[in-house]
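This report refers to the structure that appears directly beneath it.
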Amino acid sequence: MKLSEAILGPDGAAQRRAVAKAITLLESTRPDHRTRADDLLTALLPHTGNSFRLGISGVPGVGKSTFIEALGLKLIAQGHRVAVLAIDPSSSLSGGSILGDKTRMEHLSVHPQAYIRPSPASGTLGGVAARTREAMLVCEAAGYDIVIVETVGVGQSEIAVAGMTDMFVLLQLPNAGDDLQAIKKGVMELADLVAINKVDIDRDAAMRAEAQITSALRILGQHGRPDHAHHDESLWHPQVLALSALTGDGVAAFWQAVTRFRELQQASGRLAARRRHQALAWMWERIESGLRQAFREHPGVRSLLPQLTREVEQGRVAASTAARQLLSVSACHPGLEPGSTAASAPCHPGLEPGSTKTSEDMDPGSSPG
Ligand SMILES: Nc1nc2c(ncn2[C@@H]2O[C@H](COP(=O)(O)OP(=O)(O)OP(=O)(O)O)[C@@H](O)[C@H]2O)c(=O)[nH]1
Ligand SMILES: [Mg+2]
């Protein structure tokens, strides 16, 4: 049976194996795998888009895994199927996977209605994020109607997660309000909802944090997101609530808020607009990443780069001049000899009308077959 048929087929062990296999295929960088992965995505795409995509971020130890376990089990009890995917910014630095711990989702990870996938153990953040995006589509096609994307709140990973989900939730510790400076402003601006976890430890601190973050969000709204400044009942305004992932206190209220968010976003057309915007941003992100890779692999660039790097470092060539030379070399035929005059007399990237050269001659990315 084809992989796509097994994914679109009935849920059970065979589907689960197919989903895992598909995601492994998506994670592969081999060109022939990439072609198969693209075919698979094309086959699955008509069956995607029906789930709710929830992004969850927070500093290490804030309780993300504990919270997702509590929320996931609750949603499954209501008849949902839940997929959890991780974007791990540390994987690109250390090759390790700090989100690889399934241990704290011990019940969810073995539940037949849940699927948990840690992020690949290596790759750039952009690469990991791209694969998570695609894995999300596989899970949707398999009928997981709630897809949770989890990330540790370090680096740029929150932006990646907010950029692929319908709703972005920031988990905070109860003492967060005491030190608002510690909360990255940019992340706060991304949050559709801030949840203060571990309210069981210190309810007073959590309430203080709730009040402080609420007013911080309001100020941000007045400056950053003008539509949030004026209260309009038909639009969602970022909210703050306190909960305990450990006791389950506040988890139901959390889901009520998510449901309300989803209803309002759907009714106002913002859900669809956000997804359209995300899909195009993703396309451009992939184009830029592909161009960058093709550039670095171009023989002309590879032969010139070391020398120009030195010259720029030593101040003998202006950075912008070097960049222009490399770009013009990369636009030429890839078979240029090192030491040819390309650098001093850059070829023109545009073809003359009536030239006998085909675009294939000019395109370093195209290969026969
Ligand atoms: N008291 C209390 N402890 C909690 C709560 N939520 C999580 N914890 C504890 O906090 C610790 C960290 O929880 P995790 O769920 O592993 O946190 P995480 O955000 O997934 O951490 P990383 O995966 O390292 O980023 C664990 O010991 C949990 O038992 C809570 O609501 N109350
Ligand atoms: Mg965790």
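Got at least one residue in the stretch 44-56 being touching a strand residue (DSSP E or B) at 6+ places or on another chain (Cβ under 6 Å), in a loop (DSSP other than H, G, I, E, B) and closer than 19 Å to residue 157 by Cβ?
No: the stretch 44-56 contains no residue that is touching a strand residue (DSSP E or B) at 6+ places or on another chain (Cβ under 6 Å), in a loop (DSSP other than H, G, I, E, B) and closer than 19 Å to residue 157 by Cβ.
The number of residues in the stretch 19-76 being within 20 Å of the chain's Cα centre (by Cα), within 16 Å of ligand 2 (Cβ to nearest atom) and surrounded by fewer than 21 Cβ atoms within 10 Å (Cβ to Cβ) comes to 2.
In the stretch 290-314, the residues that are free of Cβ contacts under 8 Å to residues at least 60 places away in the same chain form Cβ pairs under 8 Å with partners that are aromatic (Phe, Trp, Tyr), at six or more places apart or across chains, as follows: 301/295. Residue pairs whose Cβ atoms lie under 7 Å apart, sitting 6 or more positions apart in sequence or on different chains, and linking a residue in the stretch 187-202 that is modelled with pLDDT under 90 to a partner that is within 16 Å of ligand 2 (Cβ to nearest atom), are 187/153; 187/158; 187/170; 190/158.
Mind counting the residues in the stretch 57-78 that are in contact with a Gly (Cβ under 6 Å, 6 or more places away or on another chain), within 8 Å of ligand 1 (Cβ to nearest atom) and assigned to a helix (DSSP H, G or I)? Count: 1. Reported count of residues in the stretch 238-292, each being small (Gly, Ala, Ser) and part of a helix (DSSP H, G or I), is 11. Does the stretch 88-102 include one or more residues that are over 18 Å from residue 158 (Cα atoms) and either at pLDDT 90 or above or part of a strand (DSSP E or B) (or both)? The answer is no; no qualifying residue exists.
For the residues 32, 88, the requirement of being in the same structural domain as residue 173 (by TED's automatic domain parsing), acidic (Asp, Glu) and either more than 17 Å from residue 255 (Cα to Cα) or in contact (Cβ under 8 Å) with a residue 60 or more places away in the chain (or both) singles out 88.
Quick check on my filter: what residues within the stretch 118-129 are crowded, with 21+ Cβ neighbours inside 10 Å and either part of a loop (DSSP other than H, G, I, E, B) or touching a residue at least 60 places away in the same chain (Cβ under 8 Å) (or both)?
119, 120
The values are calculated or read from the model by the stated rules, or taken from the named source; none is laboratory data. As the structure is a prediction and not an experimental result, all values here were calculated from the model. Neighbour counts are summed over all protein chains in view; Cβ atoms, including those assigned to glycine, are modelled from backbone coordinates with ideal geometry.
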